[in-house]
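These notes concern the structure reproduced below.
Here, each number is a calculation from the coordinates, and none is a lab measurement. Since this is a predicted model, take the numbers as computed values, not measurements. Note that we place each Cβ from the backbone using ideal geometry, even for glycine, and neighbour counts take in every protein chain shown.
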Amino acid sequence: MVDVLASEWRKLRSVRSTLYVLGTVAAFLLLCALWCWYLRGYWDGLTPERQAHAKAAAAAQPLLLALPVCGTVLGAVAITSEYATGMIRASLAAVPRRGTLFAAKAAVVGALMLGAGVVSMAAAALVGEAIVGKRPIPAFEMPLADQAAHVLSFGLLTAATALMAFGAGAVLRSTAGTISTLLALLLVLPPVLNLLPGPWGDRLWAVLPASLAEQMALAPGASPDSGPLSPAVACGVLVAYIAVALGAGAFSFIRRDS
Amino acid sequence: MRRDPSRSTVDGMIEVHELTKRYGGTVAVDGLSFRVRPGSVTGFLGPNGAGKSTTMRVLLGLDAATSGEALIDGGRYRDLRRPMLSVGALLDAGAVHGGRSAFDHLGWLARSNGLGTARVAAVLERVGLAGVARKRVGGFSLGMRQRLGIAAALLGDPGVLLFDEPVNGLDPDGVRWIRELMRTLAAEGRTVLISSHLMSEMELTADQLVIIGRGRLIADTSVRELAERFRRGVLVRTPRPADLIGVLTTAGGIVDTTPVGVGVRTDAGNAAFTVTGLDVTQIGDRAAAHGIPLYEVTPRSASLEEAYMELTAADTEYGALGRTPAAARGDA
């Protein structure tokens, strides 16, 4: 298993698509810094009355949008590119124990995006602290220690999107199909569900993957009642998404001809 | 490294037994049985779509057999923990990620089987890619990709090697290089199975032949036996055809006077015909005994190319009827 993990890690880090995804994360972190810098200047120019009522997006806002997309792309490409190039046959000839190969692939994909998510979110929090400082803007008032839980929960969501895309990719074996399916789930479904009447819109929205991170841990600037799920339940739902996607992926990967 | 083929009865042996593989309603391989032994190059021949690649995929555990089994060293490939140390395979040279360097591609392969970068450097050297090891594979020609695929197969220094169409896309130098490499690998005591749809290539490379068509075995034979089987009599040229035909017919020969093909001159004053049932010595002796001059006595056989075309064409037309008795018994 150690050999297979090392092999999959080498495979993942030796393609440009991985660098592009991590580069995109870095670019969005830069955008966070630019946003904070712009906000500081804007805030300082406001009258005290307007400052009292001002609202602004949190420092990590650009990353909140980018990380699930980056996770989706990396998770999907990690498996579908092997089917697209036919290299999956070389991989399975080298490691015929399919369960082991699938688990090793999932582990390196999940670990990389968990790391990218946590590191970039933590960096965004520090950047916000460094640039905006003690200005009493609602989304920037949460102490760094309190932000740690949200950093971690969003890192988990990033890893989850990568693993869901990875599992879906093992079933669909198509890059375009996998990425569109995941982006529909992550980005298209939430606003569509908002159109549903009454409590059903809210209830369904609450169990969508994109809504889970803020129910697992309070986001900076968010109101304490961000959703109907408790942190533990939200975390359980997220784990269930991962389990279903990886289960279906593993079944397809192990049973079907390649 | 020289290998000892007598280590055990199944060591280095490829055994395909009553293998059948269906994809939906299509039968790709149909009750196929054959064995491949160490120490020689075995050509795995058949027209496109005959089931060669499918058989190789099942051997490597990539596709599951519908029924029957395909064993290497007496076991299933899927049960091997570090398969590259016993079996090396080149299935599709194009199936590499163009963004990786040759070194990285072989690097992840080596790492998955616990092999170090020293082996990677060694095989890159052996296939002549050491100079482009850090270049991206996407920029490689098909010939370079074939070499990279062969390097991957050799990484674990395995005793059994499978190559699917290794000479496709190679220039004459590359073809000769592969031919010599295959022969060297077999001479080291390894089992070498090469699939191809080109008889002319296998004629120069292989010792043994497994010929299939429509997923069924047509012939399991040696190159020499196949040439024997398609012996086409003796071409005889003489200025006294009528006399010689009389003599040879009396001696039990069967004479065919139909024109014998391109390149055979039949001038006025001499005639050529084909004799079967008598060999060169017998014909010469009879002619000498009767004082009949001979201008030419040449044993003729169909080229292996023609033999192959004939075998596979028969299979295409008549299906199972095309199987020879020897092939149907599955003996080697």
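Near B:TYR23: Cβ cut-off under 13 Å, other residues only, Lys/Arg at +1 and Asp/Glu at -1. The net charge is +1. Taking 0.36 nm per residue of separation and subtracting the Cα-Cα distance, full extension of the segment from B:SER303 to B:GLU188 would add 38.5 nm. Per-residue packing, averaged as other Cβ atoms within 10 Å, sorts the ranges A:16-29, A:76-89 into the order A:76-89, A:16-29, beginning with the highest. Residue by residue along A:82-89, Cβ atoms of other protein chains within 10 Å of the local Cβ number 5 on average. Of the peptides B:68-74, B:206-212, A:41-47, the ranking by mean beta-carbon count within 10 Å, highest at the top, reads B:206-212, B:68-74, A:41-47. Diffusion coefficient of region A:2-255 by Stokes-Einstein, Kirkwood radius over Cα pairs, 10 °C, 1.306 mPa s: 82 µm²/s. Per residue of peptide B:58-65, the mean number of Cβ atoms on other chains within 10 Å of the residue Cβ is 3.
By the beta-carbon count within 10 Å of each Cβ, the least crowded to most crowded order of A:CYS235, A:CYS70, fewest first, is A:CYS235, A:CYS70. Amide H contacts under 5 Å for B:ARG300: B:ARG232, B:GLY233, B:VAL234, B:LEU235, restricted to partners 5 or more places along the chain or on a different chain, H placed in the peptide plane at 1.01 Å from N. Farthest towards the positive end of the charge dipole of region A:2-255, among the residues A:GLN51, A:PRO224, A:GLY75, is the Cα of A:GLY75, using unit charges on the Cβ of Lys, Arg, Asp and Glu.
Computed from the Cβ-Cβ distance with R0 of 22 Å, the FRET efficiency linking B:HIS17 to B:SER222 stands at 0.55.
The HN-Hα couplings worked out from phi for region B:129-136 by the Karplus form 6.51 cos²θ - 1.76 cosθ + 1.60 (θ = phi - 60°) are 10, 4, x, 10, 4, 8, 7, 6 Hz, whole numbers, x standing for Gly and Pro. Among beta bridges identified by DSSP and lying wholly in the protein assembly as shown, the antiparallel ones come to about 65 percent. Across chain A, C-alpha contacts under 8 Å between residues 6 or more apart give a mean separation that, scaled by the residue count, equals a relative contact order of 25 percent. Taking 7 Å steps out from each Cα toward its Cβ at A:ALA52 and A:ARG203 produces label points 4.2 nm apart. Here chain B yields Rg over Rh of 1.10, to two decimals, using C-alpha coordinates and the Kirkwood radius. Across chain B, the mean sequence separation of Cα contacts (distance under 8 Å, 6 or more residues apart), normalised by length, yields a relative contact order of 20 percent.
Of the peptides B:176-182, B:133-139, how do they stack up when ordered by the mean number of other Cβ atoms within 10 Å, highest first?
B:176-182, B:133-139
Of the DSSP H helices in chain A, those that are both long (alpha-carbon extent of 18 Å or more along the helix axis) and hydrophobic (Kyte-Doolittle mean at least 1.0) are A:61-85, A:98-132, A:144-172, A:231-255.
Provide, for q = 0.19, 0.22, 0.23 Å⁻¹, the log10 of I(q)/I(0) from a solvent-free Debye sum over equal Cα point scatterers in region A:152-258. Treating every Cα as an identical point scatterer, log10 I(q)/I(0) equals -0.98, -1.18, -1.24. Net charge dipole, the protein assembly as shown: roughly 860 debye, given to the nearest 20, about the Cα centre with Cβ charges of +1 for Lys and Arg and -1 for Asp and Glu. Beta-bridge orientation, chain B: approximately 65 percent antiparallel, per DSSP, counting only bridges with both partners inside. When the Cα positions of B:GLY169, B:VAL210, B:SER200 are compared along the charge dipole of region B:135-288, B:GLY169 comes out farthest toward the positive end, with charges on each C-beta of Lys, Arg, Asp and Glu. Each eigenvalue of the Cα gyration tensor of the protein assembly as shown, multiplied by 5 and square-rooted, gives one semi-axis; in descending order these are 71, 23, 20 Å. In sequence order, region B:213-226 has phi-based couplings of x, 6, x, 10, 6, 9, 7, 10, 7, 9, 4, 5, 4, 5 Hz under the Karplus curve 6.51 cos²θ - 1.76 cosθ + 1.60, θ = phi - 60°, and Gly or Pro positions carry x.
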